[in-house]
Amino acid sequence: MNRALRVVVADDTATMQKFYESLIPKLGHEVVAIASTGAELVRQCDELKPDLVITDVKMPDMDGLEAAAKIYEKQPMPIIVVSGYHDEELVQRAAAEHVLAYLLKPLDVNALAAQILIVMRRFEEFTILRMEANHYRQSLQDRKLIERAKGILMRTSKIEEHEAFRRMQKAASRSNKKLVEIAQTIIDADAALSI
């Protein structure tokens, strides 16, 4: 990874806050905010939109895993959880809250550097997959609308499927619109005439 990351960290102890403040710049990244509570972490992530979040689990008012869930709900971002406890329940919760790495204290500098690299790569892959899934979902919805509009044209104009599709393509070309927009217009018109 060649770019410097904007990182928000959260820990309720001054020792760990200072540790992050000194360590993260040495790894080539910038600490843009430090939170002492889960609520503060959520607020800072909402305002600053960091590239990476590193949070402790045990914090006052809202633990790091609850905060991770709230952050991810608003905008998916890569999250690393750091804990002084190896607790199976915490690990399971971390996995359920879209956490990409779970590290144990005391933190090893090299392990953290490696995890940041891996987490960022996995998050980039995940982002691409999510965009592709959204694209395919939209394509499927568009295809359904086009098929429905073709069916309406076939029924109302008593024409074959290929002719209905050709007419829709022609209308799209003439009006400089997408085929799915023409399909929606046909569906809307049919619904209005069916009242």
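Since every read-out is calculated from the coordinates, none of them should be taken as a lab result. Nothing here was measured: the structure is a model prediction, and the numbers come from that model. Virtual Cβ from ideal backbone geometry, glycine too; neighbours counted across all protein chains shown.
So here's what we get for this one:
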read-out	value
Estimated [θ] at 222 nm from DSSP helical runs (n ≥ 4, -39500 (n - 2.57)) normalised by residues in the chain, nearest 500	-21500 deg cm²/dmol
Charge tally in the Cβ shell below 14 Å around SER36, where Lys, Arg are +1 and Asp, Glu are -1, SER36 excluded	-4
Partners for LYS18 among lysines (Cα-Cα distance below 21 Å; same-chain residues under 8 apart left out)	LYS26, LYS58, LYS105
Protection proxy ranking, peptides 124-134, 168-178, average beta carbon neighbours within 10 Å, highest first	168-178, 124-134
By average C-beta atoms within 10 angstrom, highest first, the peptides 24-30, 38-44	38-44, 24-30
Overall dimensions of the stretch 14-129 as given by Cα atoms, namely Rg and Dmax in Å	13.1, 38
All-pairs Cα distance distribution in the chain, expressed in whole percent, bin size 10 Å	8, 28, 20, 9, 13, 14, 6, 1
Whole-angstrom Cα spans of the stretch 102-177 along principal axes, big to small	74, 22, 14
Average silhouette area of the stretch 135-193, convex hull of alpha-carbon atoms, in square nanometres	4.0
Stretch gain in nm, segment SER157-HIS86, where the contour uses 0.36 nm per residue and the Cα spacing is subtracted	18.7 nm
Theoretical gain in end-to-end length, ARG43 to LYS105 [0.36 nm per residue, Cα-Cα removed]	19.8 nm
Label-point gap, in nm, between ARG3 and THR127 - each point 7 angstrom along Cα→Cβ	0.6
Relative contact order of the chain, defined on C-alpha pairs under 8 angstrom at six or more residues apart (%)	14
Amide H within-cut-off set for LEU103, under 5 Å, with H built and near neighbours excluded	VAL81, VAL82, SER83
Alpha carbon centroid spacing (whole Å) that separates the stretch 108-169 from the stretch 83-105	33
Options GLN141, ALA189, GLN169, ranked by Cα towards positive dipole end of the stretch 135-193, top entry (Cβ charges)	GLN169
